[in-house]
Amino acid sequence: MDYSKVPNNETIEKTICELKNHRIDVILVDTKEQALKEILKNVPASSKIMNGSSTTLIQIGFSDLLKSGNHKWKNLHEDILKESDRSKQSDLRRKSITEADYFLCSVNAITEDGKLVAVDASGSRVGALPFAAKNVLIIAGANKIVPNIEGAFDRIKNYVINLENERAMKVYGVKSSLNKWIIIEKESAPNRIKLILVKESLGF
(Lines give C-alpha, C1' and ligand atoms only; values in the text may rest on other atoms or scores of the structure.)
Protein backbone atom coordinates (compact mmCIF):
# COMPACT_ATOMS: atom_id res chain seq x y z
CA MET A 1 0.00 0.00 0.00
CA ASP A 2 1.21 3.51 -0.84
CA TYR A 3 1.01 5.34 2.48
CA SER A 4 2.16 8.61 0.92
CA LYS A 5 -0.88 8.79 -1.38
CA VAL A 6 -3.68 11.29 -0.75
CA PRO A 7 -7.10 9.57 -0.92
CA ASN A 8 -9.97 10.72 -3.09
CA ASN A 9 -12.35 13.49 -2.04
CA GLU A 10 -15.10 11.05 -1.12
CA THR A 11 -12.85 9.29 1.39
CA ILE A 12 -11.65 12.60 2.82
CA GLU A 13 -15.20 13.89 3.29
CA LYS A 14 -16.32 10.60 4.89
CA THR A 15 -13.39 10.79 7.33
CA ILE A 16 -14.13 14.41 8.22
CA CYS A 17 -17.77 13.54 8.92
CA GLU A 18 -16.76 10.72 11.27
CA LEU A 19 -14.18 12.88 13.05
CA LYS A 20 -16.80 15.55 13.68
CA ASN A 21 -19.16 12.88 15.01
CA HIS A 22 -16.39 12.08 17.50
CA ARG A 23 -16.20 15.75 18.57
CA ILE A 24 -12.97 16.47 16.73
CA ASP A 25 -13.24 19.74 14.80
CA VAL A 26 -11.76 19.68 11.30
CA ILE A 27 -10.50 22.43 8.99
CA LEU A 28 -9.82 21.14 5.47
CA VAL A 29 -7.24 23.00 3.38
CA ASP A 30 -5.64 22.34 0.02
CA THR A 31 -2.02 23.27 0.69
CA LYS A 32 0.63 23.41 3.40
CA GLU A 33 0.74 27.19 3.01
CA GLN A 34 -2.95 27.37 3.88
CA ALA A 35 -2.33 25.10 6.86
CA LEU A 36 0.16 27.58 8.31
CA LYS A 37 -2.31 30.42 7.78
CA GLU A 38 -4.95 28.44 9.70
CA ILE A 39 -2.57 28.08 12.64
CA LEU A 40 -2.07 31.83 12.64
CA LYS A 41 -5.85 32.33 12.58
CA ASN A 42 -6.69 29.76 15.26
CA VAL A 43 -4.04 30.44 17.91
CA PRO A 44 -4.76 33.82 19.55
CA ALA A 45 -2.05 36.41 20.10
CA SER A 46 -0.13 36.10 23.38
CA SER A 47 -1.07 32.45 23.77
CA LYS A 48 1.46 30.16 25.40
CA ILE A 49 2.28 27.41 22.93
CA MET A 50 4.15 24.12 22.95
CA ASN A 51 4.68 21.66 20.12
CA GLY A 52 5.65 18.05 19.72
CA SER A 53 8.35 16.89 17.35
CA SER A 54 6.78 16.80 13.89
CA THR A 55 8.03 16.51 10.34
CA THR A 56 4.70 17.96 9.24
CA LEU A 57 5.22 21.13 11.28
CA ILE A 58 8.63 21.50 9.67
CA GLN A 59 7.21 21.00 6.17
CA ILE A 60 4.46 23.61 6.51
CA GLY A 61 6.92 26.24 7.75
CA PHE A 62 5.77 26.36 11.37
CA SER A 63 9.14 25.38 12.84
CA ASP A 64 10.93 28.07 10.82
CA LEU A 65 8.36 30.61 11.98
CA LEU A 66 9.09 29.76 15.61
CA LYS A 67 12.84 29.96 15.07
CA SER A 68 12.50 33.38 13.40
CA GLY A 69 10.75 34.81 16.45
CA ASN A 70 8.41 36.64 14.07
CA HIS A 71 5.22 35.44 15.69
CA LYS A 72 2.66 36.55 18.27
CA TRP A 73 2.95 33.77 20.86
CA LYS A 74 4.92 32.80 23.95
CA ASN A 75 6.89 29.77 22.77
CA LEU A 76 7.50 27.53 25.79
CA HIS A 77 9.86 25.37 23.74
CA GLU A 78 12.45 28.17 23.85
CA ASP A 79 12.96 27.78 27.60
CA ILE A 80 13.36 24.03 27.19
CA LEU A 81 16.05 24.42 24.54
CA LYS A 82 17.94 26.93 26.69
CA GLU A 83 18.21 24.43 29.57
CA SER A 84 21.33 22.25 29.36
CA ASP A 85 20.57 20.00 32.33
CA ARG A 86 18.75 16.92 30.96
CA SER A 87 16.73 16.33 34.13
CA LYS A 88 15.57 19.95 34.33
CA GLN A 89 14.80 19.89 30.63
CA SER A 90 12.50 16.90 31.12
CA ASP A 91 10.75 18.69 33.97
CA LEU A 92 10.21 21.73 31.75
CA ARG A 93 8.74 19.51 29.03
CA ARG A 94 6.25 18.01 31.45
CA LYS A 95 5.30 21.40 32.80
CA SER A 96 4.93 22.95 29.35
CA ILE A 97 2.21 20.50 28.30
CA THR A 98 -0.13 21.65 31.04
CA GLU A 99 1.00 25.28 31.02
CA ALA A 100 0.47 25.81 27.28
CA ASP A 101 -2.77 27.30 26.00
CA TYR A 102 -2.24 25.38 22.76
CA PHE A 103 -0.27 22.22 22.02
CA LEU A 104 0.55 21.67 18.34
CA CYS A 105 1.54 18.36 16.80
CA SER A 106 0.66 15.79 14.16
CA VAL A 107 -0.52 12.19 14.34
CA ASN A 108 0.63 9.05 12.56
CA ALA A 109 -2.73 7.84 11.28
CA ILE A 110 -6.35 8.93 10.91
CA THR A 111 -9.01 6.27 10.39
CA GLU A 112 -11.98 6.67 8.10
CA ASP A 113 -14.24 5.94 11.08
CA GLY A 114 -12.90 8.93 12.99
CA LYS A 115 -10.00 7.83 15.19
CA LEU A 116 -6.62 9.53 15.66
CA VAL A 117 -3.57 7.35 16.30
CA ALA A 118 -0.14 8.52 17.45
CA VAL A 119 2.94 6.82 18.88
CA ASP A 120 6.17 8.11 20.42
CA ALA A 121 9.37 6.69 21.74
CA SER A 122 9.41 8.97 24.80
CA GLY A 123 5.76 10.01 25.07
CA SER A 124 6.53 13.75 25.03
CA ARG A 125 3.99 14.28 22.25
CA VAL A 126 1.30 11.68 22.94
CA GLY A 127 1.14 12.67 26.61
CA ALA A 128 -0.54 15.93 25.64
CA LEU A 129 -3.32 14.42 23.55
CA PRO A 130 -5.69 12.58 25.92
CA PHE A 131 -6.03 15.23 28.65
CA ALA A 132 -2.93 17.17 29.69
CA ALA A 133 -3.05 19.92 27.06
CA LYS A 134 -5.82 22.51 27.33
CA ASN A 135 -6.22 22.88 23.57
CA VAL A 136 -4.75 20.60 20.89
CA LEU A 137 -4.17 21.70 17.31
CA ILE A 138 -3.23 18.78 15.05
CA ILE A 139 -1.89 19.30 11.55
CA ALA A 140 -1.83 16.29 9.23
CA GLY A 141 -1.67 15.43 5.56
CA ALA A 142 -4.60 13.48 4.14
CA ASN A 143 -2.10 10.75 3.20
CA LYS A 144 -2.40 9.62 6.82
CA ILE A 145 -5.99 8.48 6.31
CA VAL A 146 -6.42 4.70 6.53
CA PRO A 147 -9.56 2.52 6.44
CA ASN A 148 -9.57 1.38 10.08
CA ILE A 149 -7.53 0.86 13.24
CA GLU A 150 -5.84 -2.22 11.81
CA GLY A 151 -4.75 -0.10 8.86
CA ALA A 152 -3.40 2.49 11.28
CA PHE A 153 -1.26 -0.13 13.02
CA ASP A 154 0.00 -1.43 9.66
CA ARG A 155 0.85 2.08 8.51
CA ILE A 156 2.85 2.79 11.64
CA LYS A 157 4.63 -0.57 11.90
CA ASN A 158 5.45 -1.00 8.21
CA TYR A 159 5.95 2.58 7.02
CA VAL A 160 6.19 5.24 9.72
CA ILE A 161 8.83 3.55 11.86
CA ASN A 162 11.20 3.09 8.91
CA LEU A 163 11.14 6.80 8.06
CA GLU A 164 11.29 7.79 11.71
CA ASN A 165 14.35 5.58 12.21
CA GLU A 166 16.08 7.38 9.34
CA ARG A 167 15.26 10.74 10.88
CA ALA A 168 16.30 9.70 14.39
CA MET A 169 19.62 8.35 13.18
CA LYS A 170 20.42 11.66 11.50
CA VAL A 171 19.34 13.78 14.48
CA TYR A 172 20.17 11.61 17.51
CA GLY A 173 22.45 8.87 16.20
CA VAL A 174 20.09 6.13 17.40
CA LYS A 175 16.95 4.50 16.02
CA SER A 176 13.49 5.29 17.34
CA SER A 177 10.98 2.82 18.77
CA LEU A 178 7.22 2.41 19.04
CA ASN A 179 6.97 2.64 22.82
CA LYS A 180 3.92 4.69 23.75
CA TRP A 181 0.67 4.65 21.81
CA ILE A 182 -2.45 6.75 22.04
CA ILE A 183 -5.79 6.31 20.27
CA ILE A 184 -8.26 9.18 20.39
CA GLU A 185 -11.63 7.60 19.67
CA LYS A 186 -13.74 10.51 20.89
CA GLU A 187 -13.13 13.84 22.61
CA SER A 188 -15.32 14.66 25.60
CA ALA A 189 -14.48 18.37 25.90
CA PRO A 190 -16.14 20.52 23.19
CA ASN A 191 -13.74 22.35 20.86
CA ARG A 192 -10.62 20.99 22.61
CA ILE A 193 -9.13 19.11 19.64
CA LYS A 194 -8.97 20.69 16.20
CA LEU A 195 -7.47 18.99 13.15
CA ILE A 196 -6.13 20.96 10.20
CA LEU A 197 -6.34 18.36 7.44
CA VAL A 198 -4.24 19.11 4.36
CA LYS A 199 -4.98 17.63 0.94
CA GLU A 200 -1.27 17.00 0.37
CA SER A 201 1.19 14.29 1.35
CA LEU A 202 2.89 15.53 4.51
CA GLY A 203 4.93 13.94 7.25
CA PHE A 204 4.98 10.25 8.01
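Things to note:
- Pick from the range 180-204, criterion polar (S, T, N, Q) and within 17 Å of the chain's Cα centre (by Cα), ranking: modelled with the lowest pLDDT: ASN191
- Residue within the range 78-92 that is in contact with a strand residue (DSSP E or B) (Cβ under 7 Å, 6 or more places away or on another chain) and either surrounded by 12 or more Cβ atoms within 10 Å (Cβ to Cβ) or within 22 Å of VAL198 (Cβ to Cβ) (or both) present: no
- Selection status of ILE184, surrounded by fewer than 17 Cβ atoms within 10 Å (Cβ to Cβ), within 23 Å of LEU28 (Cα to Cα) and in contact (Cβ under 8 Å) with a residue 24 or more places away in the chain: no
- Any chance ILE97 is in contact (Cβ under 8 Å) with a residue 40 or more places away in the chain and assigned to a strand (DSSP E or B): no
- Filter pass, SER176 being under 15 Å from SER53 (Cβ atoms), small (Gly, Ala, Ser), in a loop (DSSP other than H, G, I, E, B) and touching a helix residue (DSSP H, G or I) at 6+ places or on another chain (Cβ under 7 Å): yes
- Among residues of the range 7-31 that are under 21 Å from GLN59 (Cβ atoms), those with a beta-carbon under 9 Å from a residue that is among the hydroxyl-bearing types (Ser, Thr, Tyr) and modelled with pLDDT of 95 or more at least six positions away or on a different chain give the pairs PRO7/THR15; THR15/THR111; VAL26/THR15.
- Search result, residues across the range 154-177 that are over 20 Å from ASN143 (Cα atoms) and either surrounded by fewer than 17 Cβ atoms within 10 Å (Cβ to Cβ) or of a type in the set (Phe, Trp, Tyr) (or both): MET169, LYS170, VAL171, TYR172, GLY173, VAL174, LYS175, SER177
- Residue check for GLU150: over 15 Å from ILE182 (Cα atoms), surrounded by fewer than 21 Cβ atoms within 10 Å (Cβ to Cβ) and at pLDDT 95 or above: no
- The condition (being more than 15 Å from LYS134 (Cα to Cα) and modelled with pLDDT of 95 or more) is satisfied by just one residue among ALA100, ALA109, ALA121: ALA109.
The values are calculated or read from the model by the stated rules, or taken from the named source; none is laboratory data. Note that this is a predicted model, so its numbers are computed, not measured. Here the Cβ is made from the backbone with ideal geometry for all residues, glycine too, and neighbour counts use every protein chain on show.
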